[in-house]
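Written out below as structure tokens is the structure these notes cover.
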Amino acid sequence: MNTLLQQLEAYRNREESLRWEGTFADYLEIVARNPRVAQHAHARIYNMIVSRGVEEVNGVRRYRFFEQELFGLDRALERLVEEYLHPAARRLDVRKRILLLMGPVSGGKSTLVALLKRGLEEYSRTPEGAVYAIRGCPMHEEPLHLVPRELRPMLEKELGVVIEGDLCPRCRLMVREEYGGRIEEVPVVRVFLSEADRVGIGTFSPSDPKSQDIADLTGSIDFSTIGEYGSESDPRAYRFDGELNKANRGIMEFQEMLKLDEKFLWHLLSLSQEGNFKAGRFALISADELVVAHTNETEYRAFIANKKNEALQSRIIVIPIPYNLRVSDEVRIYEKLIRQADTGHVHIAPHALYTAAVFSVLSRLKESQRAGMDLMKKLKLYDGAHVEGYTPEDVAELQREFEGVEGMSGVDPRYVINRISSAIIRKGENSDKACINALDILRSLKDGLDHHPSITPEERERLLSLIALARQEYDDIARREVQKAFIHAYEDSART
């Protein structure tokens, strides 16, 4: 207990040491020493990712930022960072696009966005990711917006920064009435991005179009103050508390964006291209935020088929997020999900999760047209195993054969982990120490197909044949294990 209390005290001291408050003049000195504090949202997110380290494996960049949560998505993540975030960080035009993650259910889209949001929260607490804002601004505004446009070119050259955007209506009124235009005296504080506190991270999800209000995005009038201020166009009579307001300086997530009513999507046209949006009876409000959305392939196809959506389509960058196609990484996904559960009394036998992963990955692979190439050989090549007669160049050629298609369908990890959970409960409910083997999991996977409402009879037959293939692979592994255990002086033979 004493140790916990000491840690709490140390935590409070660390939090206090991070706090900073000064004037705009003081902030200018900070920017002069470290221009990076004035970086825009896309650059902040890109720098956050690469700060954790980057390595190249088999010609693919692997970012350590993602490695504890996302497995088998190296190519998709490389494309996300190198084709969108990196050029966006360099202020190329791609940053004026909405990032749309498109892929099958349970493919990792939500996990990816959650990682970015959680990473931003942590990064804003480091010296490299420090964020400063005008004190009291409902949008946590970049203090450099205080500089009049006429003076910006000179200051940009002196500090080595780029100043984009204008003061929000509330701050413009505050500077004029409270400080008489003396921007050097305006108070500035360090802020910490937080989804829970609605600082720099916003989330918007669709609900009933008839009841959902556009105020959820852009804020609303505070009717209790109309009598005091006399006008709906007075910034003090308006709550700048919509998700677009609060996500300023960071990331704005649109969950299932394509399910949103059209009136909500209209605001994204101006936000993506011009970096501003309309709220109430005010001029366009500047916003610096990465807009990321996610959807499945069916909804995306319906969206692009609708001619009314052409304006928004041109403002979207689509990054496909397919299912993982590496068995070893699929095993890591199951291990991560099982670790989160209370299954200490259940032992999972060797190769059980591997066998389940073989079935999952087989269901996602496409039959190659190459002579002599079957699904099992392809599965092993994708997983980095040596298959006689094939080279790494053959693997690259196989990946190009169905690029953009392979991995976009098949059995999802959620179904498999549900069936593994069912096997665990069935075996472990009446025992203090139960063991789940590969056959238990395959049997549970097979039983689940009978109760899966979306599987056609043809698809069921295909999946049953893949379960048989996975069983055959397990039998081969078990046979080799037994041979290793019983061959006399096996280790000497192996060394020879």
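Read-outs throughout are calculated quantities, based only on the coordinates presented, and are distinct from any laboratory measurement. Remember, predicted model here, so these are calculated numbers, not experimental data. Note: ideal-geometry Cβ built from the backbone for every residue, glycine included; neighbour counts use all protein chains shown.
Structural remarks
- Computed per residue of the chain from DSSP H runs no shorter than four, each worth -39500 (n - 2.57), the mean residue ellipticity at 222 nm is -13500 deg cm²/dmol.
- Placing +1 on the Cβ of every Lys and Arg and -1 on the Cβ of every Asp and Glu, with no other charges, gives the chain a dipole of roughly 240 debye about its Cα centre.
- Rg/Rg_ref, the stretch 327-495, where Rg_ref = 2.2 N^0.38 Å and atoms are Cα: 1.14
- Stretch gain in nm, segment V405-W20, where the contour uses 0.36 nm per residue and the Cα spacing is subtracted: 133.6 nm
- Listed residues V147, S220, I417: farthest to the positive end of the dipole of the chain (Cβ charges): I417
- Share, in percent, of DSSP beta bridges within the chain that are antiparallel, nearest 5: 45
- Rough spin-label spacing in nm, given labels placed 7 Å along Cα→Cβ, for H386 and K278: 6.7
- The Cα center of the stretch 336-406 and the Cα center of the stretch 86-114 differ in position by 26 Å.
- Cα gyration tensor shape for the stretch 192-311, rounded if a/c is under 1.5, else prolate or oblate: prolate
- When each of the peptides 238-245, 138-145 is scored by how many other beta carbons lie within 10 Å of its residues on average, the order from highest to lowest is 138-145, 238-245.
- Backbone amide hydrogens, once placed in the peptide plane, bring I98 within less than 5 Å of I316, I317, excluding anything fewer than 5 places away on its chain.
- Per-residue 3J(HN,Hα) values for the stretch 287-292, derived from phi via the Karplus relation 6.51 cos²θ - 1.76 cosθ + 1.60 with θ = phi - 60°, read 8, 10, 7, 7, 9, 10 Hz in sequence order (x marks Gly and Pro).
- Shape parameters for the stretch 1-154, alpha-carbon atoms, Rg then Dmax in Å: 18.8, 59
- Cα gyration tensor shape of the stretch 320-412, rounded if a/c is under 1.5, else prolate or oblate by comparing a/b with b/c: prolate
- Straight-distance crosslink candidates among lysines, where the alpha carbon sits under 19 Å from K377 and sequence neighbours closer than 8 are dropped: K366
- A straight Cα-to-Cα reach below 21 Å connects K117 with the lysines K96, K109, K246, K336, residues fewer than 8 places away in its own chain not being considered.
- Once the Cβ-Cβ distance of D93 and R36 is raised to the sixth power relative to R0 = 22 Å, the FRET efficiency obtained is 0.50.
- Dipole of the chain, positive end: most advanced residue of A25, N245, L381 [Cβ charges, Cα centre]: L381
- Gyration tensor (alpha-carbon) shape descriptor, the chain, a/c threshold 1.5: prolate
- Residues whose placed amide H lies under 5 Å from that of R239, excluding near-sequence neighbours: S220, I221, D222
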